[in-house]
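Each remark here refers to the structure printed beneath this line.
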Amino acid sequence: EVGDEFEPLDGEGVRKYVGKYSELSSRVGGDHPNEWTVREVGDGNINFVYIVEGPRGGIIVKQSLPYVRCVGDSWPLTLERSYFEVEALKEHGRICPEHVPEVYHENPTMAVISERYCEHPHIILRKGLIAGVVYPLLSEHMGEYLSRTLFFTSLFALSSGDHKKAVAKYCKNSEMCRLTEQVVFTEPYMNATNNRWTSPQLDEDALRLRKDRRLKLAVAELKSKFCERAQALIHGDLHTGSIMVTQTSTQVIDPEFAFYGPMGFDLGAYFGNLMLSYFSQDGHPSSPSSVGCPGGGEGREGFKAWLLQLISETWSLFSEKFRALWRLHATNGHVYNVAMFPTAREGGDDELSIAQEAFMQELLEDTLGFASAKMIRRIVGIAHVADFEEIHDPDVRAVCERRALNFAKSLLIRRKGISSMEEVVQDLKKAS
Ligand code: ADP
Ligand code: SR1
Ligand code: MG
Ligand code: MG
Ligand code: MG
């Protein structure tokens, strides 16, 4: 029987599979599975994703095979990632249902998940940014998603016992963490066969990374933090290819790397990918959709201005929302409890505000560090991003990539001296 023990599915297998489960077939509708259209749409690096559509609607069926899709079976990868993806979708979905697709079905044996199909006109954010499309609600939505998921899964909201239980559960997603440790924090800084870059243009740049002692020390510090700091249930792969958008909707998909890690890793992944988009803009032709941006100016320059506005607005909104949640739940906090940090004492300071300032400063430093590491790995490591890959002239691509690489290297070293995202935005303006 299909679905009782692990077996890789093709399109026909998916049709049969959906037909077997009424919670799925009823959403697709119709009298017979043969009426459905089944399309494999997986454009990610790791898994297989199908859209099954029928008279009543569409669903997503995602299957993990026991290897990394973009590499092949020479890189085996645990099927358990499917279980952790579903658990994180459910947990983050409970906390922030507006921005996480609903889960319809899970089957850990088959490593199959079914979830809401983010229907047309949803597209992957990375693709929208390459096309120069402005998303007016994106900063509000991502500020909300990031503040709520990070706050409510941390010791700001959980008891120490519940937090430890959750940490222990996600500890078992260690193979996915190990992959990140390898491809983000290690290989780009050594001679590894997985690495690639625009060659010969960036040969010297890639070589210099491996010899840069200060940079390697900074990245080792971040790698330790990634491995050791069980701060919140993070998505673990929050790049712009893990977000689907329309003008009014933002949906975060694909949390298969979820575990208890540093909040700054999710924030850094997101901001780092916005910065990659920024540096790639000069390599893309102007498009009608990028005309008259709210950031000011026409074409790609206007779009770059909007991207900078998006970066500073998202950080402000995230930080405001996070602080507001903290104040609202100050009696629950295990570390920053209001009994220890009073909101206002007669004639005294608002100690909670002081604690918030200190916390946010460290979080900004982490965010900028992880953002830099995520940018560097996408330029010299194994998995590149379409933002640059779709710049077909290698000379033009290399100019954009080098600017991004130099910016990331400098940010990684300077991160502890930076006290606002606005400062970073001003530096980005000067860098491209
Ligand atoms: P991977 O783990 O391989 O990166 P993803 O979960 O990112 O796989 O999905 C790959 C692609 O499948 C996405 O880029 C998107 O185009 C499509 N996709 C995935 N989930 C959904 C969804 N819920 N709704 C619509 N499309 C989706
Ligand atoms: C083999 S590296 C593949 C990359 O794709 C995923 O989406 C993660 O970002 C991972 O690092
Ligand atoms: Mg993906
Ligand atoms: Mg939802
Ligand atoms: Mg994935």
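Structure notes:
- Failed criterion for Y104 (all others in (1) aromatic (F, W, Y); (2) in contact with a Lys or Arg (Cβ under 9 Å, 6 or more places away or on another chain); (3) closer than 16 Å to F257 by Cβ hold): (3)
- Scanning region 87-126 for residues that are surrounded by 17 or more Cβ atoms within 10 Å (Cβ to Cβ), more than 16 Å from ligand 5 (Cβ to nearest atom) and among the basic types (K, R) yields one hit, R116.
- Number of the condition not met by M244 [criteria: (1) part of a helix (DSSP H, G or I); (2) within 16 Å of ligand 1 (Cβ to nearest atom); (3) of a type outside the set (D, E, K, R)]: (1)
- Members of region 299-308 that are open to solvent by 10 Å² or more (accessible area, probe 1.4 Å) and without any contact (Cβ under 8 Å) to a residue 60 or more places away in the chain: E301, A305
- Flag for I379 being within 20 Å of the chain's Cα centre (by Cα), part of a helix (DSSP H, G or I) and either in contact (Cβ under 8 Å) with a residue 40 or more places away in the chain or under 30 Å from E357 (Cα atoms) (or both): yes
- Those residues of region 131-145 which are open to solvent by 20 Å² or more (accessible area, probe 1.4 Å) and either away from ligand 4 (no atom under 14 Å from the Cβ) or touching a Ser or Thr at 6+ places or on another chain (Cβ under 6 Å) (or both), in sequence order: A131, V133, V134, P136, L137, E140, H141
- Close pairs from region 257-268: first small (G, A, S), partner part of a strand (DSSP E or B), Cβ under 7 Å, at least 6 apart: A258/L233; A258/I234; G261/I234
- Unique match (being touching a helix residue (DSSP H, G or I) at 6+ places or on another chain (Cβ under 9 Å), among the aromatic types (F, W, Y) and closer than 25 Å to S319 by Cβ) among Y145, Y170: Y145
- Positions within region 18-59 being in contact with a strand residue (DSSP E or B) (Cβ under 7 Å, 6 or more places away or on another chain), part of a helix (DSSP H, G or I) and open to solvent by less than 60 Å² (accessible area, probe 1.4 Å), in sequence order: V18, L24, V28
The values are calculated or read from the model by the stated rules, or taken from the named source; none is laboratory data. The shown structure was predicted, so the numbers you read here are calculated from the model rather than taken from an experiment. Don't worry about glycine lacking a Cβ; one is built from the backbone with ideal geometry, like all the others, and counts go over all protein chains shown. Surface areas here come from the heavy atoms of the whole protein model, side chains and all, with no ligands, DNA or RNA. Shrake-Rupley method; radii C 1.70, N 1.55, O 1.52, S 1.80 Å.
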